[in-house]
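Worksheet for the structure shown next.
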Amino acid sequence: MPTPGTRTAILVEGTSDQAAVEALAVRLGHDLGAEGVVVLPIGGAHALAREARRLGPAGAGLRLVGLCDEAEEPVFRRGLAQAGVATPSGRAELEDAGFFVCVRDLEDELLRAVGVAGAERLLEAQGDLRAFRTLQGQPTWRGRDPLAQLRRFLGAGARRKHRYGRLLAEAVDVDRVPRPLGALLARL
């Protein structure tokens, strides 16, 4: 929730996105609280219009920026228009409005940036590598793209997705920050 002194709200779809954005912001030298920025999970893309009306210029008067998954881009464009925040007809205009699209989703962006070997090192450090190897050996997942296997493994539980959103953001090399995240944080 915004507190007194909040000037900007970063709207993200869920709590795993919030954890990743907050962790990466710290790594890139941001003190979100001191900068008057709050990261708010909105509970899915379809809540954007409601939250943008509540928090944006016609509501609390906050500057709004955010991230969405690629599949939710049209929902975000409509939501911003319905809320009277912006009328983006395409991705470039969406970005001009401060909203950036993650290819697939944020976890996919981070997994590609960290790489399979880096992600497996994280799994090992967290005691999850054996469980991941079990998934890889299942008939449905055997021989499939390791990034697809990792996405499935991380998405198998809300807690795992949330935890690894933060851990991947903490592990990504600052020279390999995914474009949507880097562009978003550069807007602060």
Per the filter on the stretch 169-180, residues over 10 Å from GLY115 (Cα atoms) and not small (Gly, Ala, Ser) are GLU170, ASP173, VAL174, ASP175, ARG176, VAL177, PRO178, ARG179, PRO180
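When the stretch 53-93 is examined, which residues are found to be of a type in the set (Gly, Ala, Ser) and in contact with a strand residue (DSSP E or B) (Cβ under 6 Å, 6 or more places away or on another chain)? Walk me through how you get there before you give the answer.
The initial filter retains those residues of the stretch 53-93 that are of a type in the set (Gly, Ala, Ser), namely 56, 58-61, 66, 71, 79, 81, 83-84, 86, 89-90, 92.
The answer is GLY56, GLY66.
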For ARG54, all conditions in the list (1) free of Cβ contacts under 8 Å to residues at least 12 places away in the same chain; (2) within 14 Å of GLY14 (Cα to Cα) hold save one; what is the number of the exception? (2)
Working carefully through the options GLU22, GLU35, GLU51, find the one that is surrounded by fewer than 16 Cβ atoms within 10 Å (Cβ to Cβ) and either over 22 Å from PRO4 (Cβ atoms) or of a type in the set (D, E, K, R) (or both). GLU35
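Give the stretch 113-128 a look and list any residue that's charged (D, E, K, R) and either surrounded by fewer than 17 Cβ atoms within 10 Å (Cβ to Cβ) or under 15 Å from GLY155 (Cβ atoms) (or both), or say none. Lay out the reasoning, then the answer.
Taking the stretch 113-128 as the starting set, the residues that turn out to be charged (D, E, K, R) are 120-121, 124, 128.
Listed by number, the residues that qualify are ARG121, GLU124, ASP128.
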Scan of the stretch 126-162 for residues that are touching a helix residue (DSSP H, G or I) at 6+ places or on another chain (Cβ under 9 Å), free of Cβ contacts under 8 Å to residues at least 40 places away in the same chain, part of a helix (DSSP H, G or I) and under 22 Å from THR15 (Cα atoms), ordered by number: LEU147, GLN149, LEU150, ARG152, PHE153, ARG160
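Only the coordinates and a few stated rules stand behind these numbers; no lab work does. These numbers come from a predicted model, not from an experiment. Cβ atoms come from the backbone with ideal geometry, glycine included; neighbour counts cover every protein chain shown.
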